[in-house]
Amino acid sequence: KEPGFALAGPSGKHVAIALDKAVQTETARCAGFNVLPTRVARTKGEVLDGDNCFPLVLKPSQAVGWGEGRLRKGRHWICGNREELERAVRAWTETVPLLVQPYVVGTGEGVFGLSRAGGVDALSGHRRIRMMNPHGSGSSACASQVVSAGSAVAVEKFVQISNWQGLFMIETLRDSAGTVWFMEFNGRPWGSMALARRQGLEYPAWNARFALDSRWRPTGSPALQSDLVCRHVGREL
C-alpha cells in the first residue's frame, strides 16, 4: 500500500484463500461447513490409483494458473466411469494440482457479505434458478433467500479463520436430501450482483469505502426480500 493508493482486494497471505481451493476446502471444514470428500492430486497416478467412486469431478485447485506467459483458467472434468476418468487424465497436463471430489447434483446457493476485523456485515443469500452451464457455472437467473442461522455461524467462522477483509461470496450446493455442501469461496464481485443491489446491498461501493477507511461500516438496514428474482441478460441469452 502506497500513499494515495488503496487496494480493494486481497494481498499477501490473503491471496491463498482467494485463489487456492484446497486451502478454501480445509478452512471450510474447520469452520463447520459440510465438505465433500476431497483429494488433492498432483500426478496422473494419484488420480487413477485413488479410491474413485463415480461419478466424480476433477477441477483445478487454483482459481487461475500461470502458463506459457499468461494467466489461465483450468479445465473441469465430470467423469461417470473409469474410461472417462482415463480420458480426462490424459488431457490434464499436471501443471496445477487437481481436486478430486464426488460429483453431486443439486441447487447452487450463495451467501454474501462484507467482512472486517471483528465481524461480518450485511449477510444476504440467493439460490440459482438457471446457470450458463447446467453442470455448474455462473448464474443467469437467481432468487433471493434468507441466510439460515447455521450458515451464518459457519460463514463468520470461515472469514474469522482466514482473517478475510472485504466483500466475499461463499458458494454452496444443496443436494436432493437437503444437505448443503461447501463449494468455493470468492473474494470478488459476483455475477448476481444486480440482485444484491436491488435490495440496497451496495457491496462493491462498500468494499471501496472500506478499503479507503477500515473503520467505515455500512449504515442502515436494507429491507431484504425473499424470492426476489433477478436475471443476467447476457448470460440468459
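The values are calculated or read from the model by the stated rules, or taken from the named source; none is laboratory data. Worth saying up front: this structure is predicted, and the values here are computed from it rather than measured. All Cβ positions, even for glycine, are placed from backbone atoms using ideal geometry, and neighbour counts span all protein chains on display.
Within the stretch 92-136, being over 17 Å from the mean Cα position of the chain (by Cα), touching a residue at least 40 places away in the same chain (Cβ under 8 Å) and under 20 Å from GLY187 (Cα atoms) holds for ARG116, ALA117, ASP121, ALA122. Among the candidates GLU84, GLU68, the residue that is surrounded by 13 or more Cβ atoms within 10 Å (Cβ to Cβ) and acidic (Asp, Glu) is uniquely GLU84. Give the stretch 35-51 a look and list any residue that's surrounded by 16 or more Cβ atoms within 10 Å (Cβ to Cβ), more than 23 Å from THR172 (Cβ to Cβ), touching a residue at least 40 places away in the same chain (Cβ under 8 Å) and not basic (Lys, Arg), or say none. Across the stretch 35-51, the qualifying residues are ALA41, VAL47. Where strands (runs of 3 or more DSSP E) fall wholly inside the stretch 60-172, the ranges with 2 or more residues that are farther than 19 Å from LEU228 by Cβ and out of contact with any Phe, Trp or Tyr (no Cβ under 9 Å at 6 or more places or on another chain) are 65-67, 70-72, 98-102.
Of all residues assigned to the stretch 175-183, none qualifies as being among the β-branched types (Val, Ile, Thr) and at pLDDT below 95.
Residue-wise test of (1) part of a helix (DSSP H, G or I); (2) aliphatic (A, V, I, L, M).
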site	(1), (2)
ALA8	no, yes
VAL15	yes, yes
ALA18	yes, yes
THR25	yes, no
CYS53	no, no
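Listed here are the residues, each with its yes/no results for (1) without any contact (Cβ under 8 Å) to a residue 24 or more places away in the chain; (2) in contact with a strand residue (DSSP E or B) (Cβ under 6 Å, 6 or more places away or on another chain); (3) more than 12 Å from GLY113 (Cα to Cα).
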residue: GLU156; (1), (2), (3): no, yes, no
residue: THR172; (1), (2), (3): no, yes, yes
residue: SER176; (1), (2), (3): no, no, yes
residue: PRO222; (1), (2), (3): no, no, yes
residue: LEU237; (1), (2), (3): yes, no, yes
